[in-house]
Structures are given as structure tokens and as C-alpha cells.
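Below is one structure; the comments refer to it alone.
Rule-based calculations on the coordinates, nothing more; no lab input. This one's a predicted model, so the numbers in the text were calculated from it and none came from an experiment. Cβ sites come from the backbone with ideal geometry, for glycine too, and all protein chains shown count toward neighbours.
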Amino acid sequence: MDPDPDRTRAFGEQLLGILTGGVLTMLIGIGHRTGLFAAAARGPATSMELAERAELHERYVREWLGAMVTGGIMEYDPAGGRYSLPAEHAALLTGATSRNIGPAASSLRTLGSVLPQVERCFTDGGGVPIAEYAAVSAGGLGETWRHIYDEHLVDGFLGPVPGLLERLRAGVRVLDLGCGTGHAVNVLARRFPRSTFDGLDIATDAIADAEAERTAFDLPNAAFAVADAADLAPDKPYDVITAFDAIHDQAAPEVVLRRIRDALAPDGVFVMIDTKFATRLEDNVGNPYAPLSYGVSLLFCVPTSIATGGSGLGAMWGQERATEMLADAGFTDVEVFDTPRPQNCMYVCRTEES
């Protein structure tokens, strides 16, 4: 059957949009890292004035501005030769907030840097160690979640869990599994001084950063350790265990979930924040967050899991499979909550003993 020319033409336009979006994503990352968006948010400016504000070379700034204007991100007044960033756009491109898309663009740059290694896995198999991502990330991988923790961790994520904030205020033992650079632990330790908080992660560099922040914040009720979650076997049970976007990255997530179940006190609670998608591909069609999440899963979650001998569960394991795996691990009481992020949901898990 001959192709439908109208459908071919429409798909060509779609591909142009995809390619344009890819280039603009790279340039948004440049604008974030160089401070160009912050400089533009101060008011209309010529290319020279903007370059001087950001202490950059004007010729490169001018070409960047051409893409920003034709891409609909900034506006241009040809009469005065001035460029401006609308306040509505600046709200999503500037500031140390979770709404700023700049850190996400920088994270995609990190994934792009490791693209040859992932591509090799298509033919050779195997995975890509997380250390290879850390070597090129320049802090980009965790910046977005730092802002999310600052803004939403206590009230947005943990607040809806019945009785949890009261227990944290009274004093309980808490473990954050797969804590990364430990910002969630440090935020909670500052907010709830009567509770004690442990952070565990397999990445040595991340734990070093977590400990440095803990020291800077002077938090005697927080501690960090380099360890594999699959080996979790604490001497004393935890009252609360949390995992933020971490379980699907584990080499053996089913083992980790059972370890978490065994590490909880009888009245303990496991709070798992993970991706909010369906297990079946066809049920994710039309979800605007799905293509990006499948891509991130392919470029990070799957290869890092396989690199440690895992199955490569991936970020798109879905709510149905997650619920099934939690039940298999021994959690008989699982509630699912929405979160401040539409691409994430929260599983609040207990056993029948509690």
C-alpha cells in the first residue's frame, strides 16, 4: 500500500518539532548554566547588554537569542534591538525552584554525554555503571529533586500519610533508602530534631556530598552510609523507611522490597515515591509524561541496573507491577496517593501486624 501523503507530511512536521525541541533543550541548558535567563529576567536588553550582564561573549549570546526568539521562548523588539523574557516564561526558567526547567535540561545533557555507552549496550549487552554518569553530571542529575524536597517533601509528600508527621515530631527511627546526595534526609533532620535519620546509597561520591551537607547544617540526628540496599539488615528496626524514585533502579528490587519489609518495626510504614504510569505500554499512550520517562529509563535506569547485575526493571514498571511486587514482599496494606508532581505517585505500605 502506498503511503498516505497527508500522513507523511504531518509526520514530517512532527519530526521537525521533535528535532527543534531537542536543540532548544540543549540551549535552555546553556541559558540555565550560564545565567542568561537570570540576566534576561532583569529586563529588556540588547544582545550586548545581556552579554555584559551575564559576563559572556556577545556573538554567542546573539546567536542563542536568535533561537530563543524564533523558538517562542523570548521576545524581540526590532525597533530598539532589545530582547525580553516574559515574566510568565521566567517563572519556569529562573530561580531555585522545582518549576525551573533548567536543571532538567542539564540532566538531559548528562544523559547525552553517556549516550555512546548506552548505544554500545544495544549491540554488546551489559550496562553502564552509575559512576560514568556521575563523572559527567556536574551535579545536574540531582538538582531538580533538591528543589522538590525543599518545597514539597514535608507537606506535599509526607503530609498526606496519616499520622506520619506526628510520629516524626515525637521521635522515630527513619531510613531513606537510595538517598543520593542526602538532601531529603537533611531537610527532614532539620525539621524533626527528635527523630533520627539514616541515609543509604551505593554511590560513594553521593554519600560524600550528603555528609558534607550534613556537616554544614550541623545535624547530629542524621547519618549516611555507603551500602547496597539489597544487603539491608539493621541491628534495630526502623519505624519509617522512605525511597524516593529509587526502587526501580535497584539491581534486585524484589529483594530490596523484602529487606525493607523485614527492616520495619511491627507498626512501621514504608513510603515509596515512584513514577505514576501504567505497566502496559498501551495504557501509557497519550500520557504527556510517558515519552520522556521511557527515554530517561532507557538512558539511565535500565543501564545502571544492568551494570550491577540487575534485570533492568526501569522507571516504567508501572503501578500494577509495583503493587504486585509490594504484595509479594509482604505488604498487605498498600495505599496509593497522588503527589505534588503529576508524574509521581506515593505508595504507603504497612503489614497486617500494624
Q: Grab the beta carbon distance between residue 324 and residue 292, set R0 = 30 Å, and tell me the FRET efficiency rounded to 0.05.
A: 0.75
Q: Would you kindly calculate the mean projected area, averaged across all directions, of the convex hull enclosing the Cα atoms of region 257-354, in square nanometres?
A: 6.7
Q.
Going by amide H atoms built from the backbone, whose H comes under 5 Å of the H on residue 269, apart from near neighbours?
A. 240, 241
**Q.** With Cα atoms, 0 to 90° folded angle of helix 58-70 axis to the chain main axis
**A.** 80
Q) Could you give the angle, 0 to 90 degrees to the nearest 10, between helix 140-152's Cα long axis and the longest principal axis of the Cα atoms of the chain? A) 70
Q. Long-range amide H contacts for residue 46: which residues qualify at under 5 Å (H placed 1.01 Å from N, peptide plane, sequence gap of 5 or more or a different chain)?
A. 83
Q. How much net charge surrounds residue 345 when only other residues with a Cβ under 10 Å from its Cβ are counted (Lys, Arg +1; Asp, Glu -1)?
A. 0
Q.
Sorting check: for 257-269, 123-135, which peptide has the highest mean count of neighbouring beta carbons within 10 Å, and how do the rest follow?
A. 257-269, 123-135
Q: Please give the peptides 57-63, 2-8, 23-29, 180-186 ranked by average Cβ packing (other Cβ atoms within 10 Å per residue), highest first, as a rough proxy for protection.
A: 180-186, 23-29, 57-63, 2-8
Q. Can you work out ³J(HN,Hα) from phi for every residue in region 15-26, in order, using Karplus 6.51 cos²θ - 1.76 cosθ + 1.60 and θ = phi - 60°, giving whole Hz and x for Gly and Pro?
A. 5, 4, x, 5, 5, 5, x, x, 5, 5, 4, 4
Q) Taking amide H positions as placed 1.01 Å from N in the peptide plane, with prolines and chain starts having none, which residues 5 or more places from residue 199, or on another chain, fall under 5 Å of its amide H? A) 176, 223, 224, 225
**Q.** Two-site label geometry, residue 332 and residue 59: point separation in nm, points 7 Å out along Cα→Cβ
**A.** 7.3
Q. What relative contact order, as a whole-number percentage, does the chain give when Cα pairs under 8 Å and 6 or more residues apart are counted?
A. 12
Q. For region 5-94, what's the relative contact order in percent, using C-alpha pairs closer than 8 Å and at least 6 residues apart?
A. 28
Q. What percentages, rounded to whole numbers, describe P(r) for region 1-137 computed over all alpha carbon pairs with 10 Å bin width beginning at zero?
A. 11, 32, 27, 20, 9, 1
